[in-house]
Amino acid sequence: MSLSRSLRVALGAAWIVACGSTAPDADPSDDTRPSQSNVSTTSTWVPIDTAYYSVNYVGEALISDITWTGTESSRFVALPTGTVMCEYTFDASGTPYDGTEACQDPDGNACRFAFDVSLFVGAITDGDLCTDFNYAGSTVGGSYSYGFTDDYVMGGNSYGQTLMFLYSDGWFSIYGSAAFNEEASTLNYDWSWGYGTYAL
């Protein structure tokens, strides 16, 4: 099996909030993780000689008042087999968010915490196809602002624990799962970023 170099990643899925409405479309250039070419959020047709893969950012961190210490993995999984095509894990370190946009849900409830997080040079931790996704030993993950709310509320509707992501001039919920263990002060999240296709 070889991967097509024209990988079409449905980035729009990353911005679907829990209630089903969509935040402003993401500009892929804002994300400095290795990018895929020919981004498409509209095409649903897949040739018979191709298959889908999912893209997730999976993280864990120990949180204190002043530090975020952990890892984040970029994970590419073939569907429907569940075979890990590539997993690349970055070391992650953060300091309290220092921006001007308050981290809060659409109803104005403040986040429990927010950090500016940097992803440092990591390593391939699973899969044989990381180079096809532009991940290699010298890959740097970039810097992002993450927040966490115990209960994401929009329009009076409650959606529980949620990881937040600063995009442009506002905070948005990720599409995926997040959980904070208060006793251990640990955060775990699984951000479903989107889908792509590859040649069989």
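Take the conditions part of a loop (DSSP other than H, G, I, E, B), crowded, with 22+ Cβ neighbours inside 10 Å, out of contact with any His (no Cβ under 8 Å at 6 or more places or on another chain) and not charged (D, E, K, R) and apply them to Y198. Does it pass? No, not satisfied.
The set of residues from the range 166-195 being hydroxyl-bearing (S, T, Y), outside any loop (DSSP other than H, G, I, E, B) and in contact with a Ser or Thr (Cβ under 8 Å, 6 or more places away or on another chain) comprises S173, Y189, S192, Y195. Taken across the range 156-174, residues that are loosely packed, with under 15 Cβ neighbours inside 10 Å and of a type in the set (A, V, I, L, M) do not occur at all.
In the range 183-190 there is at least one residue that is within 17 Å of the chain's Cα centre (by Cα), surrounded by 15 or more Cβ atoms within 10 Å (Cβ to Cβ) and of a type in the set (A, V, I, L, M). State which residue is surrounded by the fewest Cβ atoms within 10 Å (Cβ to Cβ) when the search covers only the range 112-136 and only residues that are hydroxyl-bearing (S, T, Y) and outside any strand (DSSP E or B). Step by step, filter the range 112-136, then rank; the result is T131. One residue stands out in the range 85-111 among those that are in a loop (DSSP other than H, G, I, E, B) and of a type in the set (A, V, I, L, M, F, W, C): the one that is surrounded by the fewest Cβ atoms within 10 Å (Cβ to Cβ), namely A102.
The lone criterion from (1) surrounded by fewer than 21 Cβ atoms within 10 Å (Cβ to Cβ); (2) in contact with a Ser or Thr (Cβ under 7 Å, 6 or more places away or on another chain); (3) at pLDDT 95 or above; (4) not hydroxyl-bearing (S, T, Y) left unmet by V153 is number (2).
Note on the range 94-112: residues that are touching a strand residue (DSSP E or B) at 6+ places or on another chain (Cβ under 6 Å) and in contact (Cβ under 8 Å) with a residue 40 or more places away in the chain total 10.
Report yes if T139 is surrounded by 14 or more Cβ atoms within 10 Å (Cβ to Cβ) and at pLDDT below 95, otherwise no.
Working: surrounded by 14 or more Cβ atoms within 10 Å (Cβ to Cβ): yes; at pLDDT below 95: yes.
The answer is yes for T139.
Here the condition is being touching a strand residue (DSSP E or B) at 6+ places or on another chain (Cβ under 7 Å) and free of Cβ contacts under 8 Å to residues at least 24 places away in the same chain; of A179, A123, it holds for A179 alone.
The values are calculated or read from the model by the stated rules, or taken from the named source; none is laboratory data. It should be emphasised that the depicted structure is a prediction, and the values quoted were computed from it without experimental measurement. All Cβ positions, glycine included, derive from the backbone under ideal geometry; neighbour counts span all protein chains shown.
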